[in-house]
Each structure stands twice: as C-alpha cells, then as structure tokens.
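A.B. asks: Here it is, the structure in full.
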Amino acid sequence: MNARKNFDNSLQELQNKMIEMNELAISAFEKAFTAFQTQNMELALKVIEDDTVIDNLDIEINQFAVWLIAKEQPFATDLRRIIASLKITSDIERIADFAANIAKATIKIGTAHSLISLTNLEQMKEISMNMLQMAVTSFIDGNISLVREVADLDDQVDNHYAENYKRITEELKQNLEDTTQLVQLLFINRYLERTADHITNIAESAAYLIKGQIYDLNS
Amino acid sequence: MSTALLERNKESKEEELSPMNQQIEKATKISVNDLNLFYGDKQALYNISIDIQEKQVTALIGPSGCGKSTFLRTLNRMNDLIDGVKISGDITIDHENIYQSHDVIQLRTKVGMVFQKPNLFPMSIYDNVAYGPRMQGIKSKRELNRIVEESLRGAAIWDEVKGRLKTSALGLSGGQQQRVCIARAIAMKPEVILMDEPTSALDPISTLKVEELIAQLKKDYTIVIVTHNMQQAARVSDKTAFFLNGEIIEYDVTKKIFSNPKDQRTEDYVTGRFG
C-alpha cells in the first residue's frame, strides 16, 4: 500500500490547477495582444471581464495550498513544491493582470492609426509567452536547464524594452498628435517587461523546488 | 541574467549565504567515533561517528528498528544491562572515554534519561524528585527542599504541584508525570539529558508543554532526543541525525534535513515515502 496516495493525488491536483491557470493566462495574453494588434475593442473588453476567472482560480489554489500545509505538514520536496506553487500562481495572476492592462491600453488607443510597427512589442510578447511555457514546464518536469534558458531570454526582453523606450520617446518629441497612443505604447512596453520579470520569478520558484536554494535571476 | 551568473549564484548562496549554514557551532559535548554495537551475533549499529554540541538539542530520527534508541542508550551505558551486548569504538563526553571509565554511577549522574512512558516511583512527588539527591547522600531537609523546588520549577511543573508535593506522583496526569520525570532527572544536576520518545504517550497539549520545556532546558543542558514525530524534531532540535539500518545516513542542521536533505533516503523518510 502506498501510504502517500492521497497526498500525492492532492499534489497532482494542485499542479493541475496551476497548469489550468497558466493556460488561461497565456490565452488571455494572446487575446489581449490580438485585440491590441487588430484594434478589436470587443475582444479587449472580453479579456478584462475574464480576468476575474483567473483571480478566482488564484484564490482557490491559495486556499487549497494552505489546507494541504495544515493537513499534511509537508517536509523537504513536498514543502518546497507547495510553497513554489503558491508563489508561481501569484506570479501568473500578476501576468494575467498585465494582459488586462494591455486590453485597457488597447481601448484607450481606440481606432487611431496604429503605430505598433515602430516597436518590437510583438517580439517581446512572443519571447515572453515562450518563457512562460518554459518556466512552468521547468517546474513540472524539474528541468533546471529550462530555468537557465528563461533567465537568458529575460535579457533579450530587457534589450527590446530599452530599444522600444528609445524609439517611442523619440517619436513623442516629433509627433505630438499621437501622444495618447505613444504613451499607451510606452505602458505596454513596460507591462511586457514586467511580465517577463514575473516569468523569471516563476523560473526562480522552479529552481527552488529543484535545487532547494533561493535564486535571484532578476538582478 | 546569464547562465554563468546563475552558476555563481548557486555556489555562493549554497555555501555561504544560506541561512541554513549560518549556525553558530558550539563546543562538542559528546564525540562518537566509529561505534559498532552487537546484540550477540546481530550487529545493530555500524560505524557511527557523530559530534553532539553542548547546550543544543540533537534529534535522532529514523524508522523503527533503525538503531536510534540503541544508540541513545550507549550514551549513558544503559546497554551494559543487556546480556550479550558488545561495543567497539569510542564515545567521549567532555573528552573522557565513557567506556574506559569504570564509574557508571557517576556517568549516569552526568547523563540523565527520560523514557517514553513516565516511570515515576510509587511514592510522593517530593520523594520522587528527592530520590536521587538522597541516594547521593544529601540529608539536609532544607537542601532537599531547595533541590525539589528548583527541579520542579526547572521542569515547568512547580506551579501545578506545589500544593500537593506529599501526594502520590501516580495521581498526576501523564503529561504532568513526564515533567516530574524530567524534574527527577535534573535534580541530579546532569549535563546531558537523553530523551527516548518523551511525548509519544502524551496528549497534544502535554506534548507542547514538554516541547516548550525542552526549549528552556537547552540553555543549561545538552539534550539528545529520539522521536518518531518529525514535526517535533523540526520544532525542538538544532541538529538532526537520520538513522537507517544501524547507520547514520545524514546528520545536519535541522532546517536543512527537513527542507532540503542531501540524501535521497532522508528525503524519502521525511516525506513519508517509507518507514
């Protein structure tokens, strides 16, 4: 008889909820970015509305994790797994908030002639979502080499951020008519940079689970 | 951040910055070197080497039959009472080899013991605590009164029993009896207290009281505790040794053992995968 069967099932359930939350966050992010690119207000509104689903899932996972700690009094890998799950879900929740923020910026830009082509925002989004999949996979598979890749990709996002910032602020000096849109593009640039930082936190949590040590990959 | 930095982070944090390694090492009280113990032909302990620090709590954990209680009993030569026990290796307390010294009585005065079940004598609370000092020849009523009060206070039971010192100790609750056993042990002014599953027969509140007491006692005594309760080991001890099949598999700072043990067998045991 496996004395840990119930506990193992609970840990699996916790992980499944986290994966579900991650898929919802990626989907929200893709929809928010599509709305931004295609200037689709309806889709942007939908992303903002649906954020509640992710928030509720975050609360549900938190309560479940607290109950597991109280009930099972876990040690070693089990304890690290639950603590890492708690931290990861709160990072995913913040990432979903940034998706909603991009949707809000999209609504503010409205139907003005899009200046997205001035920027590398799309590449930043692509890299970030790739990083998010890798970070969560590194946690699930216990794969430390993916953690390293995430840390390296974050450097690329930071470079795009700096480049975008330069381009947009230069445009702002010359193009006063599009100030509103350019300011929103600056915000989106910032949201994407922060998103990548939260994804790097997720990779740190995965490293904590795998190695039992606390890392700071954002410094 | 680059991969190289991750590697550097890893090394520096693991080796230097980790709070788990920031343990102030105290002086060694008990030093065990290459200890082997046989019950007849059956070997129960294999090549045990361990340094136990003074005024710290050291927990011994491991599945039933792993040798942890046997090891505990070697520290005050309780195994001498069992026929057919053979021991090799050294155990020194304060640099004195306890198996070369012939004065076992003096050793057991210095190294007190508290057992799984309270084992008070069928006499009054006062007489239980005064028993050891009387055997040592202390006759002065005033001196005995002082020792009894001091010991019962030291065991955090004085306030509960001070009005009934002359009544039978066996009328106390299990938790109270166990604390009187601790008072009886500290009445002998030991330097080391061995505890063999001291709370396994107690309810949760009594268990917490004994654990609080252990935290207070370590200011003055070196404590070695065998426990099956992993949470208890995590709560009360500074260092933990994991025993398996008569060997010490891992001995480290308690935080390390319970959050990130080195050996897979320790990990499997503390997470309930076996044992």
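A.B. asks: Inspect all residues belonging to segment A:212-219 and state whether any of them is of a type in the set (D, E, K, R) and in a helix (DSSP H, G or I).
C.D. replies: Checked against the condition, which is being of a type in the set (D, E, K, R) and in a helix (DSSP H, G or I), segment A:212-219 yields no hits at all.
A.B. asks: Take segment B:126-135 and flag every residue that is open to solvent by 50 Å² or more (accessible area, probe 1.4 Å) and at pLDDT 95 or above.
C.D. replies: If the condition is that a residue be open to solvent by 50 Å² or more (accessible area, probe 1.4 Å) and at pLDDT 95 or above, then B:131, B:134 are the ones that fit.
A.B. asks: Next up: Note down all Cβ pairs under 7 Å where the first residue falls in segment A:18-39 and is surrounded by 15 or more Cβ atoms within 10 Å (Cβ to Cβ), the second is acidic (Asp, Glu), and they're at least six residues apart or on different chains.
C.D. replies: That search, which allows pairs on different chains as well, returns A:21/A:58; A:28/A:50; A:28/A:51.
A.B. asks: Does segment B:185-196 include one or more residues that are without any contact (Cβ under 8 Å) to a residue 40 or more places away in the chain and open to solvent by less than 40 Å² (accessible area, probe 1.4 Å)?
C.D. replies: No, segment B:185-196 has no match at all.
A.B. asks: Taking the stated definitions as given, is residue A:60 open to solvent by less than 50 Å² (accessible area, probe 1.4 Å), away from every other protein chain (no Cβ under 14 Å) and either in a helix (DSSP H, G or I) or closer than 30 Å to residue B:272 by Cβ (or both)?
C.D. replies: Judged against the criteria, residue A:60 is not a match.
A.B. asks: Here's another thing I want to ask about it. Tell me which residues, restricted to segment A:81-111, are open to solvent by less than 10 Å² (accessible area, probe 1.4 Å) and closer than 20 Å to residue A:142 by Cα.
C.D. replies: A:82, A:84, A:85, A:88, A:89, A:92
A.B. asks: Now, a different point. I'm trying to understand the selection: among the residues of segment B:218-235, which are open to solvent by less than 40 Å² (accessible area, probe 1.4 Å) and within 17 Å of residue B:30 (Cα to Cα)?
C.D. replies: If the condition is that a residue be open to solvent by less than 40 Å² (accessible area, probe 1.4 Å) and within 17 Å of residue B:30 (Cα to Cα), then B:221, B:222, B:223, B:224, B:225, B:226 are the ones that fit.
A.B. asks: If you don't mind, there's one more thing I want to ask. How many residues are within 11 Å of chain B (Cβ to nearest Cβ) and open to solvent by less than 10 Å² (accessible area, probe 1.4 Å) when one looks only at segment A:182-208?
C.D. replies: 3
A.B. asks: Further, regarding this structure: Please determine, by comparing only the residues of segment B:6-31 that are modelled with pLDDT under 95 and not in a helix (DSSP H, G or I), which one is farthest from residue B:256 (Cα to Cα).
C.D. replies: Within segment B:6-31, the match that is farthest from residue B:256 (Cα to Cα) is B:27.
A.B. asks: Separate question: Every residue in segment B:166-183 that is open to solvent by 30 Å² or more (accessible area, probe 1.4 Å) and part of a loop (DSSP other than H, G, I, E, B), please.
C.D. replies: B:166, B:167, B:173
A.B. asks: Pull out all pairs, ordered by first then second residue, where Cβ-Cβ is under 7 Å, the residues are six or more apart or on different chains, the first lies in segment B:138-164 and is open to solvent by 50 Å² or more (accessible area, probe 1.4 Å), and the second is aromatic (Phe, Trp, Tyr).
C.D. replies: The qualifying pairs are B:149/B:158.
A.B. asks: Test residue B:211 against the stated conditions and say whether it is open to solvent by less than 30 Å² (accessible area, probe 1.4 Å) and within 14 Å of another protein chain (Cβ to nearest Cβ).
C.D. replies: Taking the combined requirement at face value, the residue does not satisfy it.
A.B. asks: While we're on this one: Tell me, please, whether a residue that is among the small types (Gly, Ala, Ser) and without any contact (Cβ under 8 Å) to a residue 12 or more places away in the chain can be found in segment B:175-184.
C.D. replies: no
A.B. asks: Could you pull out every one of the strands (runs of 3 or more DSSP E) wholly within segment B:32-114 that has 2 or more residues that are open to solvent by 30 Å² or more (accessible area, probe 1.4 Å) and more than 25 Å from residue B:254 (Cβ to Cβ)?
C.D. replies: Result: B:42-53, B:85-93.
A.B. asks: Quick one: residue A:5 ticks every box in (1) basic (Lys, Arg); (2) open to solvent by 50 Å² or more (accessible area, probe 1.4 Å); (3) away from chain B (no Cβ under 14 Å) except a single one, so which number is it?
C.D. replies: Against the list (1) basic (Lys, Arg); (2) open to solvent by 50 Å² or more (accessible area, probe 1.4 Å); (3) away from chain B (no Cβ under 14 Å), residue A:5 comes up short only on (3).
A.B. asks: Can I ask one more? Could you list all residues from segment B:236-264 that are surrounded by fewer than 18 Cβ atoms within 10 Å (Cβ to Cβ) and free of Cβ contacts under 8 Å to residues at least 40 places away in the same chain?
C.D. replies: B:262, B:263, B:264
A.B. asks: Quick one: is residue B:241 closer than 17 Å to residue B:26 by Cβ, away from chain A (no Cβ under 13 Å) and assigned to a helix (DSSP H, G or I)?
C.D. replies: No; evaluated as a whole, the condition is false for this residue.
A.B. asks: Right, another one. Within segment B:136-155, identify whether any single residue is assigned to a helix (DSSP H, G or I), among the hydroxyl-bearing types (Ser, Thr, Tyr) and modelled with pLDDT under 95, and answer yes or no.
C.D. replies: No, every residue in segment B:136-155 fails to be assigned to a helix (DSSP H, G or I), among the hydroxyl-bearing types (Ser, Thr, Tyr) and modelled with pLDDT under 95.
A.B. asks: Next question, about the same structure. Identify, by number, the condition in (1) at pLDDT below 95; (2) surrounded by fewer than 20 Cβ atoms within 10 Å (Cβ to Cβ); (3) within 19 Å of the chain's Cα centre (by Cα) that residue B:199 doesn't meet.
C.D. replies: Failed condition: (2).
A.B. asks: Give segment A:65-105 a look and list any residue that's hydroxyl-bearing (Ser, Thr, Tyr), more than 12 Å from the chain's Cα centre (by Cα) and more than 10 Å from chain B (Cβ to nearest Cβ), or say none.
C.D. replies: A:85, the sole residue that qualifies.
A.B. asks: Okay, moving on. Residues A:148, A:167: which one is within 14 Å of chain B (Cβ to nearest Cβ) and of a type in the set (Lys, Arg)?
C.D. replies: A:148
A.B. asks: Looking only at segment A:183-214, which residues are touching a residue at least 40 places away in the same chain (Cβ under 8 Å) and touching an Asp or Glu at 6+ places or on another chain (Cβ under 6 Å)?
C.D. replies: Answer for segment A:183-214, where residues must be touching a residue at least 40 places away in the same chain (Cβ under 8 Å) and touching an Asp or Glu at 6+ places or on another chain (Cβ under 6 Å): A:196, A:198, A:200, A:201, A:202.
A.B. asks: For segment A:159-181, which positions are open to solvent by 50 Å² or more (accessible area, probe 1.4 Å) and either in contact with a Leu (Cβ under 6 Å, 6 or more places away or on another chain) or not hydrophobic (A, V, I, L, M, F, W, C) (or both)?
C.D. replies: Hits for segment A:159-181 are A:159, A:161, A:163, A:165, A:166, A:167, A:170, A:173, A:174, A:177, A:179, A:180.
The values are calculated or read from the model by the stated rules, or taken from the named source; none is laboratory data. Only a predicted model underlies this, so the values are computations on that prediction, with no experimental measurement involved. Glycine also receives a Cβ, built like all others from the backbone with ideal geometry; neighbour counts cover every protein chain displayed. Note: accessible area is taken over every heavy atom of the protein model, side chains too, but ligands, DNA and RNA are not part of it. Shrake-Rupley method; radii C 1.70, N 1.55, O 1.52, S 1.80 Å.
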